[in-house]
């Protein structure tokens, strides 16, 4: 754990860490479950919850089954909802005036897909273990092009 915030023993505690991820493509499901479980093993919280949060508007966090054909289906569905080849006002740099940087790339589709995903998930901690279902896995879902991503994990609860 990189940080601990909170008060005395027996009171609500918060442990925070970060996960650095390099994506390869979008949409891409990057399974973070084992990293989160290892972090929880080093944390003294016995009862509470885990928050897994993406610091990006074109990458979200989801809980889903890690079955390759299902992941392909979901990626295809995201691309149907907001196709990368479609025209987006966000990508028209001749009229856009906000939040511009020099190496800007067209990614309106990724923002639109992100609208349906969300940036975070919560999962309960029971007896010091993550209480997720048999098939549930925690994914960072890259919606944009390859890039470095950062995920914040917070464990909140009592020891």
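Every read-out reported here was derived from the displayed coordinates using simple, explicitly stated rules and does not represent laboratory data. Since this is a predicted model, take the numbers as computed values, not measurements. Note that each Cβ is placed from the backbone with ideal geometry, even for glycine, and that neighbours are counted across all protein chains shown.
For the range 1-90, divide the Cα radius of gyration by the Kirkwood radius and give the resulting Rg/Rh value with two decimals. The partial results should precede the final answer.
On the way: Rg = 17.4 Å, Rh = 16.1 Å.
My calculation of the ratio gives 1.08.
Each residue of the range 1-153 gets 126 Å³ once the volume of the Cα convex hull is shared out per residue. Taking all Cα-Cα distances within the range 72-142, those exceeding 15 Å account for 66%.
Among 88, 15, 49, whose mean-square fluctuation peaks in a Gaussian network model of the chain (Cα, cutoff 10 Å)? Among 88, 15, 49, the largest GNM mean-square fluctuation belongs to 88.
By average Cβ neighbour count within 10 Å, what is the ranking of 115-127, 133-145, 93-105 from highest down? Don't jump to the answer; show the numbers that get you there.
Details: 115-127: 14.5, 133-145: 18.8, 93-105: 7.5.
In decreasing order of mean packing, 115-127, 133-145, 93-105 become 133-145, 115-127, 93-105.
Helix 68-81 sits at what angle to the longest principal axis of the chain, using alpha carbons and giving 0 to 90 degrees rounded to 10? Once rounded, one gets 50 degrees.
A simple spin-label model places pseudo-atoms 7 Å from Cα toward Cβ; at residue 91 and residue 55 they are separated by 2.8 nm. One chain, two ends: residue 72 and residue 22. Fully extended at 0.36 nm per residue, the span grows by 16.0 nm beyond their Cα-Cα distance.
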